[in-house]
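The values are calculated or read from the model by the stated rules, or taken from the named source; none is laboratory data. This is a predicted model, so every value here is computed, not measured. Reconstructed Cβ throughout: ideal geometry from the backbone, glycine too, with neighbour counts over all protein chains shown. Remember, those area values only see protein heavy atoms, side chains included, never the ligands or the DNA or RNA. Shrake-Rupley method; radii C 1.70, N 1.55, O 1.52, S 1.80 Å.
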Amino acid sequence: MPTVLAFIFMFGLLVFVHELGHLIFAKRAGMLAREFAIGFGPKIFSFMKNETLYTIRLLPIGGYVRVAGEDPEIVDLKPGHHIGLEFGQSGKVNRIIVNNKSKYPNARVIEVEHADLDHKLMIQGYELDEDEKLLFEVEPDAMFVMDEKETQIAPYDRQFASKTVPQRAMQLFAGPMMNFLLAIIIFYLLAMIQGVPSNDSTLGKLTEDGPAQEAGLQQGDKVTSVNGENVGTWVEFVEVLQGKPNETVELSIVRDGESLTVPVKTGVMERGGEEVGKIGVFQPKEKSFTTLATYGFTKTYEITTMILTNLGKLVTGQLSIDQLSGPVGIYNATDEVVSMSWANYMPWIAMLSINLGIINLVPLPALDGGRLLFVGVEAVRGKPIEPQKEAIVHFIGFALLMLLMIVVTWNDIQRLFL
């Protein structure tokens, strides 16, 4: 149960933050954000607020913000269509009923001759059995009713395509940007609470009844050498100790300005299938203003570099697709992290947040990076690619991503039984 709750919280947080970035910048640009969804598939929970439907869906494989512009639920009103119109206090149309008009007794039924719900916001037509042509103005937030389901119309100035290249690019980039920002905040808070790991060869907190404590070592002792081998950093100190499991080593230390030599019998732990030495000492931490202020950025940069390196190896074939993990693999990894220590849980969330940001910036169709690529091409060409062609590319890309997700999930499930 702790792992289930940890996974649900982690998944919800990562997707929520990512999609919140898209939502904020869509609304800032004046776009109509129709839906903010966490998950895919059937709705579990939903509510409406400020023109946007907020939903939680069944399948935990991502989320989305649906912006007006491609609205299959709003059909074109063609000449000859019989529709019902209801009017607001302004006298303009505030509800357009396409079918089941008999369920709206107050609706005024007309035959459409011409309609423009994008730019002029008007409908021309005739009342049934009448010859007089009528012109009806439409409210910019009028409801379009199909199968008794209401959808707000979106004038062109509320659609994604109507916005400038920088506005659209920012709306697409905002999701990954928020993932990087989340990681920076998490690492900053961890630094505030725990301190920033230092690479100095000074001893941090000692474990109770560990070899270091039994040998008389103290927190704050600075190690200068191990068995006469000089060490100047924490990494060098750990590397030397790990190579000497179950041995007595001579540590040269400096304590309060005095040089001492302390013999320590190392313990043993298993790492990567091998036995390595340990003495029960934590890495030292510091809380200087400079390190606290920069740690979130530097740690995020380090992990970003590592992920990009591995992504490059995947593209060049140095890493196999079998090493990718989907939701099942991430759940199993989360279980291992939680079972080892809850102290590793928040850094794990930060790393996954960075990973999510990077993956979404990869220029593949259906991902934010793929859509950014189309916006970039438009900026270079001076005109957009035809929406139908772009939609086909994104549809194919989404289908391939779903296929990849199935393959990765199958690999995750197979690993469970190996």
Is there a residue in the stretch 352-366 that is modelled with pLDDT of 80 or more and over 25 Å from LEU181 (Cβ atoms)?
yes
Name the one entry in ILE392, ILE349, ILE396 that is open to solvent by 30 Å² or more (accessible area, probe 1.4 Å) and out of contact with any Pro (no Cβ under 8 Å at 6 or more places or on another chain).
ILE392
Only one of (1) modelled with pLDDT of 95 or more; (2) within 16 Å of the chain's Cα centre (by Cα) fails for MET10. Which number is that?
(1)
Output the strands (runs of 3 or more DSSP E) that fall wholly within the stretch 121-240 and possess 2 or more residues being out of contact with any helix residue (DSSP H, G or I) (no Cβ under 6 Å at 6 or more places or on another chain), surrounded by 18 or more Cβ atoms within 10 Å (Cβ to Cβ) and among the aromatic types (Phe, Trp, Tyr), or say none.
133-146
Could you count how many residues in the stretch 390-407 are out of contact with any Gly (no Cβ under 9 Å at 6 or more places or on another chain) and under 14 Å from LEU373 (Cα atoms)?
2
The lone exception for LEU14 - which of (1) assigned to a strand (DSSP E or B); (2) buried (at least 20 other Cβ atoms within 10 Å of the Cβ); (3) in contact with a helix residue (DSSP H, G or I) (Cβ under 7 Å, 6 or more places away or on another chain); (4) not basic (Lys, Arg) it fails:
(1)
Selection from the stretch 93-103 of residues that are touching a residue at least 24 places away in the same chain (Cβ under 8 Å) and open to solvent by less than 70 Å² (accessible area, probe 1.4 Å):
VAL93, ASN94, ARG95, ILE96, ILE97, VAL98, ASN99, ASN100
Name the single residue, out of those in the stretch 241-252 being among the charged types (D, E, K, R) and part of a loop (DSSP other than H, G, I, E, B), that is most open to solvent (accessible area, probe 1.4 Å).
GLU247
Specify the residue that is nearest to the chain's Cα centre (by Cα); the eligible residues are those in the stretch 36-65 that are closer than 25 Å to VAL165 by Cβ and surrounded by fewer than 19 Cβ atoms within 10 Å (Cβ to Cβ).
TYR64
Check the stretch 370-386 and report whether any residue there is loosely packed, with under 14 Cβ neighbours inside 10 Å, among the aromatic types (Phe, Trp, Tyr) and at negative phi.
no
Across the stretch 310-326, what is the total count of residues that are open to solvent by less than 50 Å² (accessible area, probe 1.4 Å) and in contact (Cβ under 8 Å) with a residue 60 or more places away in the chain?
1
Residue that is in contact with a strand residue (DSSP E or B) (Cβ under 8 Å, 6 or more places away or on another chain), under 28 Å from ALA29 (Cα atoms) and among the aromatic types (Phe, Trp, Tyr), where the choices are PHE173, PHE144, PHE136:
PHE144
The conditions are (1) hydroxyl-bearing (Ser, Thr, Tyr); (2) closer than 23 Å to GLY357 by Cα; (3) over 21 Å from the mean Cα position of the chain (by Cα), and SER288 fails exactly one of them. Which is it?
(2)
Between ILE330, ILE354, ILE307, which is surrounded by 13 or more Cβ atoms within 10 Å (Cβ to Cβ), closer than 27 Å to GLU239 by Cα and aliphatic (A, V, I, L, M)?
ILE307
Residues of the stretch 116-167 being free of Cβ contacts under 8 Å to residues at least 24 places away in the same chain and touching a His at 6+ places or on another chain (Cβ under 7 Å), in sequence order, are GLN124
Counting only residues in the stretch 367-403 that are outside any helix (DSSP H, G or I), out of contact with any Asp or Glu (no Cβ under 9 Å at 6 or more places or on another chain) and not small (Gly, Ala, Ser), the one modelled with the lowest pLDDT is identified as GLU386
For the stretch 263-293, which positions are of a type outside the set (D, E, K, R), surrounded by fewer than 16 Cβ atoms within 10 Å (Cβ to Cβ) and not in a strand (DSSP E or B)?
GLY272, GLY273, PHE282, SER288, PHE289, THR290, LEU292, ALA293
Please enumerate the residues belonging to the stretch 349-387 that are in contact (Cβ under 8 Å) with a residue 40 or more places away in the chain and either over 20 Å from VAL15 (Cβ atoms) or aromatic (Phe, Trp, Tyr) (or both).
VAL375, GLY376, GLU378, ALA379, PRO384, PRO387
